Amino acid sequence: MGAPGAARRGTPARRGTVAPGVVHPARRVRTLLLGCLVVLSLFAAQLVRLQGLDAASVSAAALDGRLAVTSIPAERGRITDVDGAELAVSTERRRVIADPTLAADYTLRDDDGEIVAEGFTAVAQVVSEVTGASRASVLDKLENPEGSQYAVLVADVSPRTWQELRKRNVRGVSAEPFMRRDYPLGEASAPLVGWVGAGGLPAGGLELVHNTGLTGTPGEAVYEQGRNGEKISTGLYEETPAEPGQDVRLSIDSDLQWYAFDQVRKRVREAGALRGYAVVQEVRTGRIVALASYPSFDPGDDTQSVEDMRNTAIEDVYEPGSTAKLITAAAALEEGIVERDTPIEVPVALPRGGSVFKDVEPHPVLNLTFAGVIAKSSNMGTILVGEQLDDETFYSWLRKFGLGSPVGHGIPGESAGLVPAPDTWSATSKFTMMFGQGLSGSFLQQVSVFQTIANGGVRLQPGFVQGTTEAEGRYAETPVPAGTRVVSEETAATLSEIMQQIPATGGTAPLAAVDGYHVAGKTSTADRYDNDLGKYSGVTSSFIGYAPVEDPKYVVGVAVQRPTRIGRFGGVIAGPVFSSIMRYALQSEGIEPATTPPLTLDLEYDPAAKAPGESGDVTRGDIAIKDEGTP
């Protein structure tokens, strides 16, 4: 056993040593320090890479995260009248939208910093105050968005209104620019000009016909935005400007267009009619100066049905009635069957094809000249003349005047009408077609017949476009189309002389006369076939004519469908409207009144009088065309 105190006096431990199994503190520190240096070296290397080698790509990635791209709408080209007055124009507007996920965090405070409202309620309150939109409507759109981050709060506001709203700094609320189509003449020109729907696509009329030229090329804006979607004013901004579409200048005179529409509207209402239309066409160019129909529609209201937005003046197809007698008369003159003063004995009744034809008003046997037959609109007299044309010849004349073929103006909805071929005729078809029943056509087809006669026998395709203007301001006039000669100048002159007798005291339409001017024209009162009823019901009352006869400037046509008041005859229903529109057109153009009395023709003849150019005792009654049975 060792001496006491041996343990304390044993060999002392060496300085700097530690017990076995225990890491020396100094070594631990060195290890930790080395580890820190390695980590810091990695961070340093990454920092060098980011700031040096990959600085551009990292910066670009960060920028991409902040970039937003928005489309700049292109201004649609204007549609103007012949003098540049706007009929369709695009106006810059704003659509107020919101991101509901951001709007939910908006807080509205008063001037003292007190909370007034929060979330959607606060957003709805501010938007309503500034735009005038219903607060309930805005709130509903926020609560029921079109997408999780997209809601249209107000569909259409002015740029100024949007700027006022923007100043309120409503979280999550922004705006989309768009172009709204406005129509200054409203319903007066809507069926013709057409309209652009809510989706920005044209849906009818000249807007659709000329859509390619009117449509511009959208631009694009690229900009930096903040966390809440706000634009960073000092950030990147690049813009590719939009290119506007070309302007289209129509031949329409906006003042005359409105006047014609107003006159038709009044007459349709006065007559308790289904609808009506009017057209004014330049004789020498074929261009349409006015084309109005009523009822019409508001082109800015896209909630209407397509049926309500039809252009009835273009699309309606109907049996023209007595205005088509002009074709029978022209054919008879051209084929040498009659002359202006040829005597015709018109019977009380005329049996043909198993039916008995009569004139509208009962009468005894009449001794009418050919001019008298047309001026008094005798169905039987027209048949007696027209039946001397063989079937194929008569049919070819109907087609020469454009019936059965599209007019070719390009407006959607145009119909070629129906002119039955001879091999499909019934026993009475030829006779009824001579006075405009049993065949059908459009309003412009009927007007085109009169334009042909007024233009010395040359038919021109109706047109609506005066010219176009490119974005750079270059204007290109639309050339007048080449005409087609249909009848001789002599025949056209004879028909003009005859039709002067109609809007006169002895004719069928004295109410169509235009004081101070010589007018030629023709009435019609046609039985109207109602497709809904599947039978004839009511009439189509019309008057088409031109003036001044000595140098025709305008053709004016007026048609009223199914009048129920005032009367039914074309001279009574449509004649006064024709007179009013023609007077307005002539006076607006500064055309001087006539200085000579109108031409007066003999509409009747004395059957006992000696026949001119005949020998012996041959009388006019002897040489008259009369009922001798079906040839």
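The values are calculated or read from the model by the stated rules, or taken from the named source; none is laboratory data. None of the values given here were measured: they were computed from a predicted structure. In this analysis, Cβ positions are derived from the backbone assuming ideal geometry, glycine residues included, and neighbour counts consider all displayed protein chains. Each accessible area value is taken on the protein alone, full model and side chains, heavy atoms only, with ligands, DNA and RNA left out. Shrake-Rupley method; radii C 1.70, N 1.55, O 1.52, S 1.80 Å.
Structure values in brief
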| quantity | calculated |
| --- | --- |
| Residues whose placed amide H lies under 5 Å from that of Ala175, excluding near-sequence neighbours | Ile97 |
| Taking the C-alpha atoms of the stretch 167-264, convex hull volume expressed per residue in Å³ | 161 |
| Alpha carbon convex hull of the stretch 266-313, projected area averaged over orientations, nm² | 4.4 |
| Per residue accessible area in Å² of the stretch 496-631, where ligands, DNA and RNA are left out and the probe is 1.4 Å | 47 |
| Candidate lysines for bridging to Lys610, where Cα separation is under 30 Å - those fewer than 8 sequence places away on the same chain excluded | Lys325, Lys358, Lys376, Lys626 |
| Per residue accessible area of the stretch 125-194, 1.4 Å probe, in Å² | 50 |
| Principal axis dimensions, largest first and in whole angstrom, of the stretch 116-212 by Cα | 52, 27, 22 |
| Mean Cα-pair separation over length for the chain, i.e. relative contact order, pairs under 8 Å, 6 or more apart, % | 13 |
| Cα-based Rg and Dmax for the stretch 64-184, where Dmax is the largest Cα-Cα distance (Å) | 17.2, 60 |
| Cα-Cα P(r), the chain, percent of pairs per 10 Å interval | 3, 13, 19, 16, 11, 9, 8, 6, 4, 3, 2, 2, 1, 1, 1, 1, 0, 0, 0, 0 |
| Probe 1.4 Å - accessible area at Thr432, Å² to nearest ten | 30 |
| Estimated D of the stretch 477-631 in µm² per second, where Rh is the Kirkwood radius over Cα pairs and Stokes-Einstein applies at 10 °C, 1.306 mPa s | 87 |
| Selected from Ala594, Ala509, Ala547, residue furthest toward positive end of dipole (the stretch 488-631; charges at beta carbon) | Ala509 |
| Rounded tilt (10° steps) of 443-454 against the dominant C-alpha axis of the chain | 50 |
| Mean projected area in nm² (Cα convex hull; one quarter of hull surface) for the stretch 172-226 | 5.6 |
| Global size of the stretch 446-510 as Cα Rg and Dmax, reported in angstrom | 17.3, 58 |
| Longest to shortest principal axis, alpha-carbon extents of the stretch 374-532, angstrom | 61, 44, 37 |
| Cα centroid separation - the stretch 430-503 against the stretch 249-301, whole Å | 18 |
| Surface accessible to a 1.4 Å probe, Ser541 within the full protein complex, Å² | 0 |
| Size descriptor, Kirkwood hydrodynamic radius, that averages inverse alpha-carbon separations across the stretch 550-631, Å | 17.7 |
| Tilt relative to the chain, helix 391-400 - C-alpha long axis, 0 to 90 degrees, to 10 | 50 |
| The chain, accessible surface, carbon-and-sulfur percent (1.4 angstrom probe) | 51 |
| Ellipticity estimate at 222 nm from DSSP helix runs (n ≥ 4, -39,500 (n - 2.57)) divided over the chain, nearest 500 | -8500 deg cm²/dmol |
| Accessible area per residue, Å², the stretch 315-465 with all protein chains present, probe 1.4 Å | 32 |
| Area of Lys358 that stays accessible when all protein chains are in place (1.4 Å probe, Å², to 10) | 130 |
| Phi-based couplings in Hz for the stretch 530-544 (Karplus 6.51, -1.76, 1.60; Gly and Pro marked x) | 9, 5, 5, 8, x, 7, 6, 8, x, 9, 10, 9, 8, 8, 10 |
| Normalised convex hull volume, the stretch 270-421, alpha-carbon set, Å³ per residue | 178 |
| Per-residue HN-Hα couplings for the stretch 490-502 [Karplus 6.51, -1.76, 1.60; θ = phi - 60°; Hz; x = Gly/Pro] | 4, 5, 4, 5, 4, 5, 4, 4, 5, 6, 5, 7, 7 |
